[in-house]
Amino acid sequence: MKTHSTIIEVMLLIFCVRFPLCAAQVAITPESVVASPGDIGVDVGICLDNPEDFVSSIQLDLCEYTVEEEPIDFMACIFCKLTERTPTYNCESFELPNGCCRVLLYRPNPDYSIDPGLCDVVTVVYNISDSEEYIGTPCIINIPENTVVGDFEGLPLTAVGLSGEMCFPDIDTDGMPDAWDNCPSISNPDQLDTYPPQGNGIGDACDCEANFDCDADVDANDVTAFLTDFGRNQYNRPCTAQNPCYGDFLCDGDVDAYDVIKFLEDFGRSQFNNPCPVCEAGNWCVYQ
């Protein structure tokens, strides 16, 4: 009985001594990957920080979440590739029914294992959807799930998954990815596009409504065009689809004092002073 108890005590001692040493961390790297809607072949690296033990295999699921942790699925896992740390390993990656990408990295023979060290052991390649369904979703969090790291004997280590981000470029940090932002250089989370009333695809925050000739500034040429139509109304050369009015900012059929105030808001803008966004010259308003 004493012998049996001693054996158990020795086994527990070995387990307790070994357990702290058998720890591994799996992390997504780099911490933030900048991707654009429609990108093909975005690399997401998987790092291994395992300072105490040799490793023979890794399994984990990379899942997609918004910053609010609501599941979404706009990344398609394509394939995985090896790094300098794992030149002779085998690597597999495939989509799971729940949208996660499962990654399997395992050694080709029992005699090879990953040395203790830091960082890249495998890279997973994704395609990024350009569906407008994801407008307003600038970042996702990759959270490694179902992570199992095997030591050189194939026994599981205590593995901790560290999350990383994949972000759409958002220069003005207004929460709207640049590819969908109607004013990418100036923060406008409301995305208002009220001038003219039917909108023109350029947000009010950066639109140069008075840049009638679309030459990146509001100068004397635009003043001339505006004055040519100033005073027109339903009784005096009405604004029509066939004969539109430059400067009818409300598209209400006339160019009056209100339109002068709106014109002056943009006057003087140039390539050196709050440049006008790219636009296409055309009829100012679409009249019925």
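Quick note: the coordinates plus some simple rules give every number you see, no bench work behind them. Keep in mind that what you see is a predicted model, and the values were worked out from it rather than measured. So basically every Cβ, Gly included, is an ideal-geometry build from the backbone, and we count neighbours across all protein chains shown.
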Per the rule of 0.36 nm per residue minus the C-alpha distance, extending Glu165 to Ile186 adds in nm 5.2 nm
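Decide, for the range 89-189, between rounded, prolate and oblate: order the square roots of the alpha carbon gyration tensor eigenvalues as a ≥ b ≥ c, take rounded if a/c falls under 1.5, and otherwise choose prolate if a/b is larger than b/c, else oblate. It would help to have the intermediate numbers written out before the result.
Working: a/c = 3.21, a/b = 2.64, b/c = 1.21.
The shape class here is prolate.
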Rounded to whole angstrom, the alpha-carbon centroid of the range 27-51 lies from that of the range 224-267 at a distance of 53 Å
Rounded to the nearest 500, the 222 nm mean residue ellipticity computed for the chain from DSSP H runs (n ≥ 4, each -39500 (n - 2.57)) alone is -4500 deg cm²/dmol
The answer for the net charge of residues other than Pro275 whose Cβ lies under 14 angstrom from its Cβ, with Lys and Arg +1 and Asp and Glu -1, is -4
Diffing the range 263-272: the Karplus 3J(HN,Hα) column from phi (6.51, -1.76, 1.60, θ = phi - 60°), in whole Hz with x for Gly and Pro, holds 4, 5, 4, 9, 4, x, 5, 7, 5, 9
Across Pro196, Pro37, Pro110, the residue with the highest GNM fluctuation in the chain (Cα network, 10 Å cutoff) is Pro110
Scaled by the rule-of-thumb 2.2 N^0.38 Å, the alpha carbon Rg for the range 182-288 gives a ratio of 1.03
FRET efficiency for Ala179 and Lys262 from the Cβ-Cβ distance with R0 = 22 Å, rounded to 0.05, comes out at 0.15
For Cα Rg over 2.2 N^0.38 Å, with candidates (i) 0.91; (ii) 1.38; (iii) 1.60, the value calculated from the shown model is option (iii)
For Thr147, the net charge from surrounding residues (Cβ-Cβ under 15 Å; K, R +1; D, E -1) works out to -3
GNM on the chain, Cα springs under 10 Å; top mean-square fluctuation among Ala257, Ala216, Ala179 goes to Ala257
Lys and Arg at +1, Asp and Glu at -1: neighbours of Arg237 with Cβ under 14 Å from its Cβ sum to -3
Among Glu132, Glu145, Glu31, the residue with the largest mean-square fluctuation in a Gaussian network model of the chain built from Cα contacts under 10 Å is Glu132
For Lys262, Lys81, ascending order of other Cβ atoms within 10 Å (fewest first) is Lys81, Lys262
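So, by mean Cβ neighbours within 10 angstrom, what's the order for 48-56, 267-275, 222-230 with the highest one leading? Intermediate values should be presented prior to the final figure.
On the way: 48-56: 18.4, 267-275: 12.9, 222-230: 16.7.
By packing density, highest mean first, the sequence is 48-56, 222-230, 267-275.
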